[in-house]
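Participant: Here it is, the structure, as structure tokens.
Where a number appears in this text, it was derived from the coordinates with a stated rule and is not lab data. From a predicted model like this one, the values you see are computed outputs, not experimental measurements. Counting neighbours? That spans all protein chains shown, and the Cβs are built from the backbone with ideal geometry, glycine included.
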Amino acid sequence: MRAGGWQNFKLDPPLRRLGCMTLGLVGWGRISQAVARKMQGFDIRILVTDPFVQSLAAVSYVELVGLDRVLRESDMVSLHVPLSADTKHLIGETELRAMKPTAFPVNTSRGGVVDQTALVRVLEENRIGGAALDVFEEEPLPAASPMRSLDKVIATPHYAASSQDSVGHLHRTVADSVEAILRGYWPPFPANPVVQPRQPLRPWSEFHRGDGSSHPQLR
């Protein structure tokens, strides 16, 4: 358009309608659930795998399956798990080769969840459609990394969640969390939620008003 053109452009690769595709979500935490809610509006089929979830019967627009089915049937596999001994290289060469030849792994969680060496090899062999990565095993990504030059890779520098609005929300949440604890309330995201405090803490829902600000009665 900027160059004066209109038609005769090449759709490479061919564009797909989202409603004709399958989204696989690995992990069923807050972020994964938010992704599912957003994608539901496109009438996309959504598969979920999470070893800690026994049933998703209450969520009508997703289907709980094993990792093998997510890999085999999904057009996009979006990763939403923490990095731990159990999830290190959760997506390795075997898993990547189990995906459709047109499929994309999407990683916005932690770089170590994907075996990056295996991913480069599979991409260079054109075994999958591509990859969208916001995180990498080594960060900053080395200048000589093949990930910087592979045509089928969409790469961002661990920046996908950053915006003027999200950074402001993060600052407010941290400040509110500190204030909540000092006033006797649970913070919203405790690292160890099963801990028993020496003094009872009231629920965050009573402190938090739901719009990013603290309870007006505490001001």
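Participant: Which lysines have a Cα less than 17 Å from the Cα of K38, not counting those fewer than 8 places away in the same chain?
Facilitator: none
Participant: If the cut-off is a Cα-Cα distance under 13 Å, which aspartates and glutamates reach K100, setting aside same-chain residues fewer than 8 apart in sequence?
Facilitator: Within the straight-line cut-off, K100 pairs with D68, E73, D75.
Participant: Sticking with this structure for a sec: Find the Cα radius of gyration of the chain, compare it with 2.2 N^0.38 Å by division, and give the number to two decimals.
Facilitator: Taking N as the residue count of the chain, the ratio is 1.22.
Participant: Report the one residue of F104, A131, Q33 whose Cα lies farthest in the direction of the positive end of the charge dipole of the stretch 18-155 (charges on C-beta: Lys and Arg +1, Asp and Glu -1; origin at the Cα centre).
Facilitator: Checked the options; the winner is Q33.
Participant: Two-decimal Rg/Rh of the stretch 9-82 from alpha-carbon positions, Kirkwood Rh?
Facilitator: 1.01
Participant: Hey, another quick one. What shape does the stretch 51-130 take by its C-alpha gyration tensor, where a ≥ b ≥ c are the square roots of the eigenvalues and a/c under 1.5 counts as rounded, a/b above b/c as prolate, and the rest as oblate?
Facilitator: oblate
Participant: Further question on the same structure: From the helices alone, meaning DSSP H stretches of at least four residues, give me the mean residue ellipticity at 222 nm for the chain, per-run term -39500 (n - 2.57), in deg cm²/dmol to the nearest 500.
Facilitator: -7000 deg cm²/dmol
Participant: In degrees from 0 to 90, rounded to the nearest 10, what is the angle of the helix 30-40 Cα long axis to the longest principal axis of the chain?
Facilitator: The answer is roughly 50 degrees.
Participant: Follow-up question, since we're still on this one. Counting other Cβ atoms within 10 Å, keep those with at most 16, restrict to DSSP loop, and tell me which GluC sites (Glu not before Pro) in the stretch 104-140 are left.
Facilitator: For GluC sites (Glu not before Pro) across the stretch 104-140 that sit outside H, G, I, E and B with at most 16 neighbouring Cβ atoms in 10 Å, the list reads E125, E138.
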